1. Determine, yes or no, whether T79 is of a type outside the set (A, V, I, L, M, F, W, C), in a strand (DSSP E or B) and over 22 Å from N12 (Cβ atoms).
2. What pairs come up if the first residue lies in the range 72-89 and is polar (S, T, N, Q), the second is part of a strand (DSSP E or B), and their beta carbons are under 6 Å apart, counting only those six or more places apart or on different chains?
3. Go through the range 86-111 and count every residue that is out of contact with any Pro (no Cβ under 8 Å at 6 or more places or on another chain) and either outside any strand (DSSP E or B) or over 26 Å from D43 (Cβ atoms) (or both).
4. Could you grab the pairs with beta carbons closer than 9 Å, sequence gap of 6+ or different chains, first residue in the range 114-125 and in a strand (DSSP E or B), second one open to solvent by 20 Å² or more (accessible area, probe 1.4 Å) and of a type in the set (G, A, S)?
5. From the list A115, A16, which one is modelled with pLDDT under 95, within 16 Å of I2 (Cβ to Cβ) and open to solvent by 50 Å² or more (accessible area, probe 1.4 Å)?
6. Condition first: under 16 Å from the mean Cα position of the chain (by Cα), modelled with pLDDT of 95 or more and of a type in the set (S, T, Y). Can you find one or more residues in the range 48-60 that meet it?
7. Does N25 count as open to solvent by 50 Å² or more (accessible area, probe 1.4 Å), in contact (Cβ under 8 Å) with a residue 24 or more places away in the chain, more than 30 Å from V108 (Cα to Cα) and not charged (D, E, K, R)?
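The values are calculated or read from the model by the stated rules, or taken from the named source; none is laboratory data. Worth saying up front: this structure is predicted, and the values here are computed from it rather than measured. Because the Cβ atoms are built from the backbone with ideal geometry, glycine has one as well, and the counts that use them run over all protein chains shown. All accessible areas refer to the heavy atoms of the entire protein, side chains included, with ligands and DNA or RNA removed. Shrake-Rupley method; radii C 1.70, N 1.55, O 1.52, S 1.80 Å.
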Amino acid sequence: YIGFDSFKNKNNGKTAVITPAFNLNMKDHFIRFKYLTRFYKPDARAERMIRFYVGEETEDVSNIAWIDLNLEIAPDAATFSDAVTSDNIDIDFNNTTIRVKVEYTSDVEKGFFPALNLYGFDIVEKK
């Protein structure tokens, strides 16, 4: 579980979490995320302040070429216990090692402080 928000402290900026590396065998895969958002205003959604990425492992994580998964973020949850699971997202990586990145942005000037709770994700082999 990872929680992102900046409402209480009114922080401004971008935060990212990068996973450990996952080795994918010679099969096709998809990924899905279990998460929830709250207080994610329509104007903030238009700016895509919450993003999910995947990239091929490199020796230095700062050199990973991140691919935006363009996950359509679900509507705000009614409570902090109403997580959803995203649709399956195809990832075009085979016989390599990948990492996943989740990026969160807040904006003090615009009053954008969405909350994101990431409960987990699955990388699943297509059958």
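1. no
2. Final answer for the pair search is T85/R32; T85/K34; S86/R32; S86/F33; N88/F30; N88/R32.
3. 17
4. Cβ pairs passing all conditions: A115/G3; L116/G3; N117/G3; N117/A83; L118/G3; Y119/A83.
5. A16
6. For the range 48-60, residues under 16 Å from the mean Cα position of the chain (by Cα), modelled with pLDDT of 95 or more and of a type in the set (S, T, Y): present.
7. Yes: the conditions hold for N25.
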